[in-house]
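Here's the structure, in structure tokens; my notes come after.
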Amino acid sequence: MNESHEVQLDEVDKAIVRELQMDGRLPYAKLGPRVGLSQAAVRQRVQRLVGSGVMQVVAVTNPLVLGFDVQAMLGISADGDLRELASTLAKLEEVDYVVVCAGRFDLLAEVVCEDPGHLLDLVNDVIRALPGVRNAEAFTYLHLEKQSYSWGTR
């Protein structure tokens, strides 16, 4: 993910984001009237919001329904270039979220695995073997109460 740069949103942009957070499949023909624009104008606005990196419109799957029974957050302590290690982790198929952070760990990585053996192989054979990784601690999810993508706009 690139460094952030602030994009100014007007009230129509914010309304578009809110509507698409509730239903990302909302057709432009329905979205336009909800935010006070024509179908063509709202299409152009959505393309600008996506193109500028303000938002993405994606399908969010449920890993448990797809046979991925183990999710975990990995706390990783590392030496060397954290951006390079984060980039390497981000390329792993099982990793769906990576951040460089301050605190007890240098990086956090969320992983989705088929079973406990898959998580063990990933942590032991892949992640701990990466250059720069000093330690990797797995926090296996027992229950996911909330995962939201609707934090809105300012």
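Could you pull out the residue among Glu19, Glu84, Glu6, Glu11 that is among the acidic types (Asp, Glu) and closer than 30 Å to Glu114 by Cβ?
Numbers: Glu19 fails: closer than 30 Å to Glu114 by Cβ; Glu6 fails: closer than 30 Å to Glu114 by Cβ; Glu11 fails: closer than 30 Å to Glu114 by Cβ.
Answer to the selection: Glu84.
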Does Val12 fit the bill of being closer than 30 Å to Leu82 by Cα and in a helix (DSSP H, G or I)? no
Are any residues in region 44-76 assigned to a helix (DSSP H, G or I) and surrounded by fewer than 16 Cβ atoms within 10 Å (Cβ to Cβ), and if so, which ones? Gln44, Gln47, Arg48, Val50, Gly51
Any chance region 53-67 includes a residue that's touching a residue at least 12 places away in the same chain (Cβ under 8 Å), closer than 26 Å to Leu20 by Cα and in contact with a strand residue (DSSP E or B) (Cβ under 8 Å, 6 or more places away or on another chain)? yes
Only listed residue being outside the structural domain of His118 (by TED's automatic domain parsing), modelled with pLDDT of 95 or more, aliphatic (A, V, I, L, M) and within 19 Å of Tyr149 (Cβ to Cβ), chosen from Leu37, Leu31: Leu31
Just to be sure I understand the filter: pairs with C-beta atoms under 6 Å, separated by 6 or more residues or on different chains, first member in region 132-154 and closer than 26 Å to Gln56 by Cα, second member assigned to a loop (DSSP other than H, G, I, E, B). Which pairs pass? Thr153/Leu9
Hits in region 19-30 (condition: under 21 Å from Val60 (Cα atoms) and either part of a loop (DSSP other than H, G, I, E, B) or in contact with a helix residue (DSSP H, G or I) (Cβ under 9 Å, 6 or more places away or on another chain) (or both)): Glu19, Leu20, Asp23, Gly24, Arg25, Leu26, Pro27, Tyr28
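The values are calculated or read from the model by the stated rules, or taken from the named source; none is laboratory data. Quick caveat: nothing in here was measured; it's all calculated off a predicted structure. Because the Cβ atoms are built from the backbone with ideal geometry, glycine has one as well, and the counts that use them run over all protein chains shown.
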